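**Student:** Here you go, one structure.
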Amino acid sequence: MTYRFYISIFTLLFLFSCKKDTPLLPANNTSNNNPDDCTTCPSIFHNIEDLAEPTTYCDDFTDDVAWPDGFFNTADEVVGMTQNGTQPITVQSGGICVFDDMNPGMYGIGPVHIAFDGSYQTAVFEIYGFAAQYGEMSVAVNGSTPINLDESFPIEVGGVPGVMIDLDFSAPDSPPSWENAYLTFTGNLSGIEFDLFESGFISLCVTNAPSAPTVDKTHYVYVDDFVNHAGEVLGSYPNTKTPLGYYGLQPASLNIDFSQFLAYSPTKIGFVHAHQAGEDDYLVNIQLNGTPLIVTQVDSLADRLSPYGYTLEKYSYTGTMWSNQSTAIAGMQIDSFLVKGNNINQLSIGAELSESELRSICTYYENN
């Protein structure tokens with residue numbers, strides 16, 4: 001073995017030593033959610049090989065070159081192609097689509113269908129209509145029962161598990177006589193059918209999650225499957241690496257074998273989940289030494305861990321969430337968890353990463 005090898009081993013052991021004789025502060029006592037003198041462990045330094053950024057394609061229906069003037073009223077007539085020219089918009093029987101100078105973007109009456117490729121996507125439409133007539137407009141996703149746009153949002157699409165719709169009226173009204181809104185669909189999308197009522201579209205932006213990376217599950221840190229209450233795999237990888245961990249558009253788990261790189265057996269493990277404020281009862285997966293894989297809502301996690309000799313502390317505050325290496329989003333809820341037990345050498349931790357961040361996994365060792 002070379003001199004450089006010994007230096008590397010010594011440095012690694014030094015970095016991951018975190019022995020303390022005094023009580024520890026909560027895991028979120030500093031801006032990076034880690035107590036002084038403790039090491040932020042795998043979520044900081046572990047990269048996922050070949051993890052691509054999500055791709056986003058936007059269509060601006062007010063662009064007269066890409067979407068020239070036209071009148072479409074024949075059943076199954078193709079109005080144009082969206083999503084980088086891959087998916088058609090078609091008029092359905094009884095529907096009308098118009099591109100002209102009288103109304104912004106694509107104006108319509110009746111049913112219009114927009115195709116998607118069936119993968120996990122986020123589709124954001126900027127729509128417009130008269131405020132009093134939103135109840136006359138509806139959407140159906142993947143052949144679902146229509147949902148009127150005067151419902152209370154966000155809403156899960158009935159009969160299409162995992163697909164959510166949200167309606168946000170923060171879009172600027174243009175012209176002022178219209179009521180503009182952002183209509184967002186998230187999930188596996190194969191087709192959205194609008195029933196328009198003197199209303200239309202300004203734009204459509206579709207973000208596709210990247211293909212799953214090849215995961216080396218022999219490594220001491222790797223992303224793993226996330227499962228729901230029924231045992232179904234909902235997701236298996238985050239979408240981007242952040243300065244503090246991983247950001248995702250779908251559920252994901254992280255599997256860690258601390259015995260492979262720590263010089264001690266942790267007595268406490270901290271982890272952090274950053275997400276939209278108000279979304280408190282999300283689903284988590286956790287497995288520790290001596291426990292099965294526990295699938296539960298976060299508010300029930302302490303009760304589920306207790307029979308196995310573990311205790312849980314949770315701390316929450318408002319702070320910044322990272323969605324990639326450079327984009328920070330303020331005003332998010334930061335949930336910091338501290339699991340206490342003995343000889344915690346194995347950890348699998350996952351959360352519903354629906355536009356949220358799993359980060360700052362930190363280990364501790366205390367003399368009793």
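**Student:** Return the FRET efficiency for the residue pair THR318, ASP166: r is the Cβ-Cβ distance, R0 is 25 Å, and the value is rounded to the nearest 0.05.
**Tutor:** Details: r = 21 Å, r/R0 = 0.84.
Once the sixth-power term is evaluated, E becomes 0.75.
**Student:** Normalised by the number of residues in region 287-358, what is the relative contact order in percent for Cα pairs under 8 Å and 6+ residues apart? Mind showing how you got there, number by number?
**Tutor:** Details: 86 pairs, mean separation 24.3, N = 72.
Computed value for region 287-358: 34 percent relative contact order.
**Student:** Tell me the relative contact order for region 212-368 as a rounded percent, counting alpha carbon contacts under 8 Å between residues six or more apart. Each step should come with its number before you reach the end.
**Tutor:** Details: 392 pairs, mean separation 52.9, N = 157.
Result for region 212-368 is 34 percent.
**Student:** Can you give the local net charge around SER203? Use residues other than it whose beta-carbon is closer than 11 angstrom to its beta-carbon, Lys and Arg +1, Asp and Glu -1. Display every interim value, and only then the final one.
**Tutor:** On the way: positive: none; negative: ASP59, ASP60, ASP63, GLU126.
Here the charged neighbours net out to -4.
**Student:** Turning to a different aspect of this structure: Work the Kirkwood hydrodynamic radius out for region 144-258: mean of 1/r over every pair of different alpha-carbon atoms, inverted, in Å. Mind dumping the intermediate values first?
**Tutor:** Numbers: mean 1/r = 0.0576 Å⁻¹.
Result for region 144-258, one decimal place: 17.4 Å.
**Student:** I've got another one for you. Amide H neighbours of ALA171 under 5 Å, at least 5 residues apart or on other chains, H built in the peptide plane: list them.
**Tutor:** Correct list: TYR182.
**Student:** Under unit Cβ charges (Lys, Arg +1; Asp, Glu -1), what dipole magnitude, rounded to 20 debye, does region 298-359 have relative to its Cα centre?
**Tutor:** Details: 4 positive and 7 negative charges, 45 e Å.
Charge dipole, region 298-359, about its Cα centre: 220 debye, nearest 20.
**Student:** Positive end of the dipole of region 282-359, charges at C-beta (+1 Lys, Arg; -1 Asp, Glu), about the Cα centre: which of THR327, GLY290, ILE349 has its Cα farthest in that direction?
**Tutor:** GLY290
**Student:** Something else: Leaving out same-chain residues fewer than 8 places away, which aspartates and glutamates sit with a Cα under 14 Å from that of LYS217?
**Tutor:** Qualifying aspartates and glutamates at Cα under 14 Å: GLU49, ASP225, ASP257.
**Student:** Moving to a separate point now. Could you compute how much accessible surface TYR220 exposes when probed at 1.4 Å, giving the result in Å² to the nearest 10?
**Tutor:** The accessible area comes out at roughly 70 Å².
**Student:** Rounded to the nearest 20 debye, what is the charge dipole size of region 250-332 about its Cα centre when +1 sits on each Lys and Arg Cβ and -1 on each Asp and Glu Cβ?
**Tutor:** Details: 3 positive and 7 negative charges, 45 e Å.
Magnitude of the dipole: close to 220 debye.
**Student:** What do you reckon, how do CYS97, CYS58 stack up by accessible area (1.4 Å probe), largest on top? Could the numbers behind the result be given before it?
**Tutor:** Numbers: CYS97 0, CYS58 85 Å².
Putting CYS97, CYS58 in descending order of accessible area: CYS58, CYS97.
The values are calculated or read from the model by the stated rules, or taken from the named source; none is laboratory data. Remember, it's a predicted structure, so these values are computed and weren't measured experimentally. Every residue, glycine among them, receives a Cβ derived from its backbone with ideal geometry; neighbour counts consider all protein chains shown. To get the accessible areas, we keep the full protein, side chains included, count just its heavy atoms, and leave off ligands, DNA and RNA. Shrake-Rupley method; radii C 1.70, N 1.55, O 1.52, S 1.80 Å.
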